[in-house]
Structure formats: C-alpha cells, structure tokens
Amino acid sequence: MKSVVTTVIAAADAAGRFPSTSDLESVQGSVQRSSARLEAAEKLGNNIDVVARDSYDACIKKYPYLNNAGEAHSTDTFKAKCARDIKHYMRLIQYCLVVGGTGPLDEWGIAGGREVYRALGLPTAPYVEALSFARNRGCAPRDMSPQALTEYNALLDYAINSLS
C-alpha cells in the first residue's frame, strides 16, 4: 500500500541511497498530521451513508438528463450502481486518511476507473460533481476540526482531479 513512508523509502532505494533529511521531514510531517487524518476518517465513517447519499442526490440534481431512457442512470439497477460507486469513493478516501497516502484511491479507485467508465459509456462528470459536493459540504468546526477538514478536502481534490 502506498503511503508517505513507503513512497520515501522506495524513492531512496531506487536512487540507491538512504532517505535524505528532506525525505525524513516529509515522513515527520505526515506523522504530525496523523491525528487530524484519523479524526477526519472517524467523522467520515460515522456519516458516510449521509455524505454519500447527499453527494449522489447533488450529482443527479445537476445532471437530470441521466434519468432519461437509455442514459447511465435510467434504471433502478444503474441508479444503485451509481450510488454504490459514490460510497465506494468515499470509503477509499476514508482508507487514504487512515494510511496517510493516496494508495487505496490510486490502486482501487483511480487506476482503470476512467477507462472502465469510458468502456461502459458512463460520464465521469457526475462522479466529479458528487465528490465536489462532498468537498463543499464539509464545514469546520461543525463536521470536524479545520486541520481534519483540510486533510479530507485534499483527498477529495485528488480524486476530483484524477477523474476530471
């Protein structure tokens, strides 16, 4: 699983050297932010069903044409799969918060995700909209501390940019 620690060690190893001072400072920064990431993961875990449902509703509201016959959201099965995918992305973001890196999202959500959507003729814009809604609905201190929200939003931005 890719994390700050594994990335630093792999980069140093590939270069045939020990981790540098800046490498170790990067790891130290990640460790210092770990309590904020864990807070964000806990808060997201406690509300993941609501966040995913609200995000799903926002994407369908923005793209109502998807409900038309023959479109990506035209049957109950398609609707359930879309809602499932949004929740899956939120769960991957929660995993990333725990490990302190983008590994879970890269390995299970992004790698091939866009290709699968293209092969099935599914637009990525609704997923981007759902993740953007989740990013914009977060509020400190209502939902989590400012630092936890920063960590959460950074991963949402990463996912949004990867799917855009």
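Pick from C96, C82, C139 the residue whose mean-square fluctuation is largest in a GNM of the chain, springs joining Cα atoms under 10 Å. Largest GNM mean-square fluctuation: C139.
Across the range 34-163 the C-alpha pair distances fall into 5 Å bins from zero in the proportions 2, 11, 22, 24, 19, 11, 7, 3, 1, 0 percent.
Computed from backbone phi with θ = phi - 60° and the Karplus coefficients 6.51, -1.76 and 1.60, the 3J(HN,Hα) list for the range 105-111 is 5, 4, 6, 10, x, 9, 4 Hz; x is used for glycine and proline.
If R0 is taken as 30 Å, the Cβ-Cβ distance between T75 and A10 corresponds to a FRET efficiency of 0.10. Non-local lysine pairs in the chain, meaning eight or more places apart or on different chains, with alpha-carbon distances under 21 Å, amount to 8. Exposure proxy shown here: for F78, F18, F133, the number of other Cβ atoms within 10 Å sets the order, fewest to most, as F18, F78, F133.
Read-outs: derived from the displayed coordinates by stated rules, not from any lab. In this text the structure is predicted, and so the values were computed from the model without any measurement. Note: ideal-geometry Cβ built from the backbone for every residue, glycine included; neighbour counts use all protein chains shown.
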